[in-house]
Amino acid sequence: MNPLAAEGVDDGMRGPRRTIAIACVLAAIVLVVLDAAVANVALPAIARSLAVEPAVSVRVVTAYQMALVMALLPCAALGESLGYRRVYTAGVALFTGASALCALAPSLPLLVAARFVQGLGGAAIMSLGVALLRLVVPRRQLGAAIGWNALAVALAAAAGPTVGAMILSAASWPWLFAVNLPIGALVMLATRALPHAPGSARPLDLVSVALNASAFAALIVGAELLSERPALAATLLAVAAIAMAALVRRELPREAPLIPLDLLRDASFRTSVVASVCCFIGQGAAMVSLPFYLQRTLGQDALHVGLLITPWPLTVAIVAPIAGRLVERVSGAWLCAVGGGLLALGLAGAASYPLAGRPLALIPFMVLCGAGFGLFQVPNNRNMFLSAPHSRSGAAGGMQGTARLTGQTIGAVLMTLLFTLTSIDVAARVGLGVAAALASTAGLVSTLRR
């Protein structure tokens, strides 16, 4: 018997084990997303405690993001080679152990190093989570499962700043990382319920892994330095392009390449990736624009900024499970088109509506953004996974995460350039307008896969 069929690839798992497996995947995703959100809140406290400049403390966030984007595709390939459950479990263990190192770190360099290791564990969780869900649920429920995943991500993103603030109000910053330990231990126990499917035993090409890491590390650092040291940034971006070209050339003849070129040859998968990058560029630009617009132009304090933006992720949490059910009955391409349109409408409204003196008028636009984002992401991600064979689910997950992080990085770079070239007020509103255009483009691109 096919070992994948024995684990229920076509019909999914049944009984309490299925429930535990789903809870295990969603809880680990929440840990990764929540940890990223609470770390942002903790930066001022970390800077004071470790006696470093606030600008330097940002490395705590950058190291985590860099490790994520560098390791997504290699972790996906490792999962396909050794088995999803084995690599996913190792990722949870690495993330949890690194959380303990973060909590105990006596200096910024050690904290940054621990955060990098934590990001490597997070990459295994993010790249293989939906691949495991694909083994747990029947094919007809994959959209619903992706909706649950989006719900978990949205709730964690929305709750992150509040959870971080609550912990910091009662304890010191190391507790932000220490709270991961009991949850991580429970998730580790729950991984025993995950389906076991043997890997392909394909060896991992270390040269390709190094080229992948070099390309994405140079991209992230170059993007960070673009406004402050443009010459160095341009050099790093050129290095990223050269490393990526070398990686593509090396992997092109392989049957299962590290960068999933085999999947990208499929028009439906390729369309979903392009649409995802466009959507996340818009989302990344919007999430940078909105705080500046609300604080500098409309005079809102940090608390009110958070409250005004929160309807976006909360609406995603409501809409994503609904989209997961709709996509089983309605064309996913058209759901993406509607979602992209609603997201564009919300962003354009936030950019153009006269909010001075009435900031609460922003809330309906944030609800539109959340509804559109949820309607777009669930069917788009579902199509990515259904366009890939089961044996390449890990690669599809790695590509999904890479598209998201690459898009968000480009969105942040775009806003950096706008802030450099013009005033903050103008840059924030132009950024929202550009984000609206990109969201609309994502929706239109999706219709090409009908």
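What the table below lists for this structure:
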| quantity | calculated |
| --- | --- |
| Of all residues making up segment 135-159, the number that are surrounded by fewer than 22 Cβ atoms within 10 Å (Cβ to Cβ), part of a helix (DSSP H, G or I) and of a type outside the set (A, V, I, L, M, F, W, C) | 3 |
| Residue match in segment 252-261 (condition: crowded, with 18+ Cβ neighbours inside 10 Å and assigned to a helix (DSSP H, G or I)) | no |
| Given (1) assigned by TED's automatic domain parsing to the domain that holds residue 80; (2) in a loop (DSSP other than H, G, I, E, B); (3) exposed (fewer than 13 other Cβ atoms within 10 Å of the Cβ), number of the condition residue 189 does not satisfy | (2) |
| Scan of segment 267-326 for residues that are among the polar types (S, T, N, Q) and under 19 Å from residue 363 (Cα atoms), ordered by number | 283, 289, 295, 297, 300, 310, 315 |
| Condition broken by residue 303, with the remaining ones in (1) in contact with a helix residue (DSSP H, G or I) (Cβ under 8 Å, 6 or more places away or on another chain); (2) among the aliphatic types (A, V, I, L, M); (3) modelled with pLDDT under 90 satisfied | (1) |
| Conditions (1) on the phi > 0 side of the Ramachandran plot; (2) in contact with a Pro (Cβ under 7 Å, 6 or more places away or on another chain); number of the one not met by residue 37 | (1) |
| Qualifying positions in segment 433-448 - in contact with a Ser or Thr (Cβ under 8 Å, 6 or more places away or on another chain) and either farther than 16 Å from residue 375 by Cβ or not assigned by TED's automatic domain parsing to the domain that holds residue 287 (or both) | 433, 435, 448 |
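Residue by residue, here is whether (1) at positive phi; (2) modelled with pLDDT of 80 or more; (3) under 22 Å from the mean Cα position of the chain (by Cα); (4) not small (Gly, Ala, Ser) holds:
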residue	(1), (2), (3), (4)
140	no, no, no, yes
164	no, no, yes, no
169	no, no, no, no
183	no, yes, yes, yes
192	no, yes, no, yes
195	no, yes, no, yes
202	no, yes, no, yes
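The values are calculated or read from the model by the stated rules, or taken from the named source; none is laboratory data. Note that the structure is a prediction, hence the values are computed from the model and not measured. As a convention, Cβ positions derive from the backbone with ideal geometry for all residues, glycine included, and neighbour counts pool all protein chains shown.
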